[in-house]
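Notes for the one structure printed next.
Taken together, the values in this text are just the output of simple stated rules run on the coordinates, not laboratory data. Quick caveat: nothing in here was measured; it's all calculated off a predicted structure. As a convention, Cβ positions derive from the backbone with ideal geometry for all residues, glycine included, and neighbour counts pool all protein chains shown.
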Amino acid sequence: MFFQMKKFSRLSSSGTFLIIACAALATTVIPPSFDDLVGRAEMIFQGTVTDVRSEWTGEGAQRHIMSYVTLKVEEAIKGNPGASVTLRMLGGTVGAETMEVSDAPKFKVGDRDILFVENNGTQFVPLVGIMHGRFRVKKDEAGQDAVFTNEGSPLTDVTQLGKNEAAASAGRAISAKELKQAIHNKAQAQSEHPAH
């Protein structure tokens, strides 16, 4: 994982510092298991992106771009997200300047997703396992809602998430309904038998 600023000609020394500071935070994202996704998420919901906006925030060496992704909640699966949720994420584009966080999901208006959210407002990407906490909902050949990973691979077996990523997306994409039922079942099992 790394951070990248584009259009270096307009960056001040504070922008250069931001790149160095962010690069120091680079890390490898270990894909979470399905148990971890459900257990760590404070809320899980299916929603549609209604707005994406980015702005500069902070002063001096702390100046950076934040993006605010607003989703209309179609179905709450865990927690109480309310009617809409705005995710606060590091990175984005303001004018001619772009700040990118590698591996961070990119959202656009109209995207339909099932999201596993944790630490919104305090974590630089408030999804469990960064890109692993986002599942795309798209129509399959039969016109049914099917589930795909952030990268666009079909999600075929939730039990293989974080264990065998190839097996987790080898075959037909499961339906959104199947994923939501699996989440409900796992969340219920975790609430009845919490980890010690």
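Would you please classify the overall shape of region 22-91 from the alpha carbon gyration tensor, given that a ≥ b ≥ c denote the square roots of the eigenvalues, rounded means a/c under 1.5, and beyond that prolate means a/b larger than b/c while oblate covers the rest?
Note, shape of region 22-91 comes out oblate.
Quick one: go through region 105-128 and flag any residue whose amide nitrogen is under 19 Å from the point 7 Å out along the Cα-to-Cβ line of Asn80.
It comes to 117-120, nothing else.
Does anyone have the angle between helix 13-24 and the longest principal axis of the chain? Alpha-carbon axes, 0 to 90°, nearest 10?
30 degrees
Taking Cα atoms of the chain, Rg/Rh with Kirkwood Rh, to two decimals?
The Rg/Rh ratio comes out at 1.00.
With axes computed from alpha carbons, what is the tilt in degrees of helix 176-192 against the longest principal axis of the chain, rounded to the nearest 10 within 0 to 90?
90 degrees
May I ask you to order 39-45, 106-112 by the average number of other C-beta atoms within 10 Å around their residues, highest value first?
Ranking the peptides 39-45, 106-112 by packing returns 39-45, 106-112.
As an exercise, identify the trypsin sites (Lys or Arg not before Pro) in region 121-196 lying in DSSP coil whose Cβ has no more than 14 other Cβ atoms within 10 Å.
When the trypsin sites (Lys or Arg not before Pro) of region 121-196 are filtered for loop state and at most 14 Cβ neighbours within 10 Å, Lys163, Arg172 remain.
Rounded, prolate or oblate: pick one for region 92-196, where a ≥ b ≥ c are the square roots of the eigenvalues of its C-alpha gyration tensor, a/c under 1.5 means rounded, and failing that, prolate if a/b is larger than b/c, else oblate.
Here region 92-196 falls in the oblate category.
Sequence gap of 8 or more, or different chains, plus Cα separation below 19 Å: how many lysine pairs satisfy both in region 104-181?
Lysine pairs meeting both conditions in region 104-181 amount to 7.
Send over the Kirkwood Rh of region 117-176, from the inverse of the averaged 1/r over different Cα pairs, rounded to one decimal Å.
Here the Kirkwood hydrodynamic radius works out to 12.2 Å.
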